[in-house]
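Undergrad: I'd like to ask you about the structure that follows.
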Amino acid sequence: MARTFSGIQPSGGMHLGNYLGAVRNWVALQDKHQCIYCVVDLHALTTAPNPADLRANTLTTAGLLMSAGIRPNDSTLFAQSTVGEHAELAWMMECTVGFGELRRMTQFKDKSDRTEFISAGLFTYPALQASDILLYDTELVPVGEDQRQHIELCRDIAERFNNRYGETLAVPSHMIPKAGARIMDLQNPQDKMSKSLDSPGTIGLTEDNTSIARKFKRAVTDSDGEVRYDPAAKPGVSNLLGILAAATNRTPEAVGEDYSQYGALKTDTADAVIDLLAPIRQSYAEFMSDPTEITHLLAIGADKARVVASATLQRAKDNAGLILHNNSYNNSNG
Ligand code: TYM
């Protein structure tokens, strides 16, 4: 069966963009592929979060993924830091990727512009991401548009590694949805929707219905009054059309033909999002009533992941000329 891998940062603020751009497809792929999903807590360290927050957010992110429909019995769901192979292969990936390639990453440029202390980890972030993907002989990586460049770099890294050391790593493809791949902020529709859930432009995955309705009602549009899908000229209206299209499995252009007024478009988009998120919010409340069960499920997921990851890491080390002991020291001294 084809293998799918994807990851999400435990930022504490899973939002409608994460869901429509990525997680919804993760759920659907479970019926067709062998799926491995990872809460990437090591990636979160690049911006030095508070330790208690990081630990709590790793659990709530896993809880949210399960509430959204990830089935830990069918798929593998785990936290990145609990499978040490990720950090170990990442070093080999850092030695395979070029400084110039990392410098061209737009996510690095955006994030480093916004932080005072720029860690080396923030710069080499895509090497760890490549390690995540390549450890599992991944064919498909379902992500939102903002991850396209990272997945393309991951392909280049895998190909360079294979050219140097012989066929070792499977070269993956990204899967980016037609609708929902880039959900914008409701207040600043020229910016991507992102983390801070108390922002009036972000819809959180567990937000209550009244708050969702209010945020859509206040969504920024424009003053020409025409409903038309044109992201460059009409970012606010196009974002609403994009959200409604993604939520109802249509195209934004087709949805646009049904509306002549912004008010009706806003109300219907809010209602569609409420229908989509209400079941997630309900099942999240149930999951979070027993967080130890989440920890337990993540531990089982890590054991499953490690079986595949360790085999790939051994192959990569061997082909690159690193010595493998296979516990012979212990054996000969035991
Ligand atoms: P992260 O945690 O920022 O986002 C998780 C997923 O959500 C998508 N996404 C969006 N899609 C549409 N509209 C938006 N506004 C929006 N915001 C986020 C992202 O594209 C992503 O698919 N570097 C990754 C995590 C990662 C990873 C990996 C992904 C680490 N290792 C290996 C795939 C494979 C990240 O920070 O995603």
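Undergrad: What aspartates and glutamates does Lys111 reach when the alpha-carbon gap must be under 18 Å and sequence neighbours fewer than 8 apart in one chain are set aside?
TA: Asp41, Glu101, Glu145, Asp146, Asp185, Asp191
Undergrad: Could you name the lysines whose alpha carbon sits less than 25 Å from that of Lys304, not counting residues in the same chain fewer than 8 places away?
TA: Once the sequence-local lysines are set aside, what remains near Lys304 is Lys32, Lys317.
Undergrad: Same structure, new question: Distance between Cα centroids, the range 55-85 to the range 3-43: provide it in whole Å.
TA: First find each Cα centre; the distance between them is then 9 Å.
Undergrad: Taking springs between alpha-carbon atoms closer than 10 angstrom, which of Lys32, Lys178, Lys234 fluctuates most in the Gaussian network model of the chain?
TA: Between Lys32, Lys178, Lys234, it is Lys32 that shows the largest mean-square fluctuation.
Undergrad: To continue, here is another question. Spelling out what I want: for every residue of the range 91-107, take phi, set θ = phi - 60°, compute 6.51 cos²θ - 1.76 cosθ + 1.60 (Karplus), and round to whole Hz; glycine and proline get x.
TA: Rounded to whole hertz, the list is 4, 5, 5, 5, 7, 10, 8, x, 4, x, 5, 5, 5, 7, 5, 5, 5.
Undergrad: While we're on this one: Taking a ≥ b ≥ c as the square roots of the eigenvalues of the Cα gyration tensor of the range 1-104, is the shape rounded (a/c under 1.5), prolate (a/b larger than b/c) or oblate?
TA: oblate
Undergrad: What list of ³J(HN,Hα) couplings, whole Hz, do you get for the range 119-135 from phi and the Karplus terms 6.51, -1.76, 1.60, once you set θ to phi - 60° and write x for glycine and proline?
TA: Ordered by residue, 3J(HN,Hα) equals 6, 4, x, 5, 6, 8, 2, x, 6, 5, 5, 5, 4, 3, 6, 6, 4 Hz.
Undergrad: Could you tell me what fraction of 2.2 N^0.38 Å the Cα radius of gyration of the range 52-109 comes to, as a two-decimal ratio?
TA: On the way: Rg = 15.8 Å, N = 58, 2.2 N^0.38 = 10.3 Å.
In units of the globular-protein estimate, the range 52-109 measures up at 1.53.
Undergrad: Using the reciprocal of the averaged 1/r over all distinct C-alpha pairs, how large is the Kirkwood radius of the chain in Å?
TA: Numbers: mean 1/r = 0.0475 Å⁻¹.
In the chain this quantity evaluates to 21.1 Å.
Undergrad: Amide H of Leu77 versus every other amide H placed in the peptide plane: which residues, excluding those fewer than 5 positions away on the same chain, fall under 5 Å?
TA: Residues meeting the amide H criterion: Tyr37, Gly301.
Undergrad: Net charge near Gln147, counting Lys/Arg +1 and Asp/Glu -1 over other residues with Cβ under 12 Å of its Cβ?
TA: Details: positive: Arg148, Arg182, Lys192; negative: Asp132, Glu145, Asp146, Glu152.
In short, -1.
Undergrad: Give the peptides 294-301, 155-162, 61-68, 258-265 in descending order of average Cβ contacts within 10 Å, highest first. Write out the running numbers ahead of the final one.
TA: Numbers: 294-301: 16.8, 155-162: 18.8, 61-68: 24.2, 258-265: 14.4.
Descending mean neighbour count gives 61-68, 155-162, 294-301, 258-265.
Undergrad: Give a residue-ordered list of calculated ³J(HN,Hα) values for the range 231-245 (Karplus: 6.51 cos²θ - 1.76 cosθ + 1.60, θ = phi - 60°; whole Hz; x for Gly, Pro).
TA: Residue by residue, the range 231-245 yields x, 6, 7, 9, x, x, 5, 5, 5, 4, 4, x, 5, 5, 5 Hz.
Any read-out appearing in this document is the output of simple, stated calculations on the displayed coordinates, not a laboratory observation. Bear in mind the structure is a predicted one, so any value in this text is a computation, not a measurement. Here the Cβ is made from the backbone with ideal geometry for all residues, glycine too, and neighbour counts use every protein chain on show.
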